[in-house]
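The values are calculated or read from the model by the stated rules, or taken from the named source; none is laboratory data. All of these numbers come straight from a predicted model, not from anything done at the bench. Positions of Cβ are generated from backbone atoms using ideal geometry, with glycine treated the same way; all protein chains shown enter the neighbour counts.
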């Protein structure tokens, strides 16, 4: 069971988070609900679910109080597939420019760039995250340590 999240004060954000959790659950537990004969359809089924979720997110864009949070959610949604998404890259790049302290956005952006073997750009993204410690020292970037 997922850990309880803090109430954000924005009911739309919490509902969007739930939709994204459901989208990733659909992808990750596909073979628990589908037969092996349907394996060839997994990618197209996940893409269809992503498009439905994206449409729901975009319908609520105007009511979203925080632009960076909306862009992060949109980037997360688009990152559900294993393919590179230029739109996800754009959303996540804008997110880290608006809110450089959102570590999740840096990680998702790095994941997105890594997909297309842009290790140099992924390395720069990870280094950007590391370089943001209050003392100005590397913070131990976790998943990107092997790149730097």
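One line per residue, one yes/no per condition, for (1) under 11 Å from the mean Cα position of the chain (by Cα); (2) buried (at least 17 other Cβ atoms within 10 Å of the Cβ); (3) at pLDDT 95 or above:
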site: 15; (1), (2), (3): no, no, no
site: 25; (1), (2), (3): no, no, yes
site: 32; (1), (2), (3): no, no, no
site: 39; (1), (2), (3): no, no, no
site: 49; (1), (2), (3): no, yes, yes
site: 62; (1), (2), (3): no, no, no
site: 68; (1), (2), (3): no, yes, no
site: 89; (1), (2), (3): yes, yes, no
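Among 121, 132, which is in a helix (DSSP H, G or I) and at pLDDT below 90? Quick ask: steps written out before the conclusion?
Values: 132 fails: in a helix (DSSP H, G or I).
Selected residue: 121, the only one of 121, 132 that is in a helix (DSSP H, G or I) and at pLDDT below 90.
Regarding residue 140, is this residue more than 30 Å from residue 48 (Cβ to Cβ), modelled with pLDDT under 90 and not in a helix (DSSP H, G or I)?
Here the answer is yes, as residue 140 does meet what is asked.
Out of (1) over 18 Å from residue 24 (Cβ atoms); (2) out of contact with any helix residue (DSSP H, G or I) (no Cβ under 9 Å at 6 or more places or on another chain), the odd one out for residue 48 is which?
In the conditions (1) over 18 Å from residue 24 (Cβ atoms); (2) out of contact with any helix residue (DSSP H, G or I) (no Cβ under 9 Å at 6 or more places or on another chain), residue 48 misses (1) alone.
Can you find, within the stretch 75-87, the residue that is modelled with the lowest pLDDT among those that are more than 15 Å from residue 27 (Cβ to Cβ) and touching a helix residue (DSSP H, G or I) at 6+ places or on another chain (Cβ under 7 Å)?
Let us first name the residues in the stretch 75-87 that are more than 15 Å from residue 27 (Cβ to Cβ), namely 75, 84, 86-87.
With the extra rule that they be touching a helix residue (DSSP H, G or I) at 6+ places or on another chain (Cβ under 7 Å), the set shrinks to 75, 84, 87.
On the way: 75: 95, 84: 83, 87: 94.
Among residues in the stretch 75-87 that are more than 15 Å from residue 27 (Cβ to Cβ) and touching a helix residue (DSSP H, G or I) at 6+ places or on another chain (Cβ under 7 Å), the one modelled with the lowest pLDDT is 84.
Quick one: would you say residue 96 is at pLDDT 85 or above, surrounded by fewer than 19 Cβ atoms within 10 Å (Cβ to Cβ), in a helix (DSSP H, G or I) and touching a helix residue (DSSP H, G or I) at 6+ places or on another chain (Cβ under 8 Å)? Quick ask: steps written out before the conclusion?
Values: at pLDDT 85 or above: yes; surrounded by fewer than 19 Cβ atoms within 10 Å (Cβ to Cβ): no; in a helix (DSSP H, G or I): yes; touching a helix residue (DSSP H, G or I) at 6+ places or on another chain (Cβ under 8 Å): yes.
No.
What number of residues within the stretch 23-69 are free of Cβ contacts under 8 Å to residues at least 12 places away in the same chain and part of a helix (DSSP H, G or I)?
17
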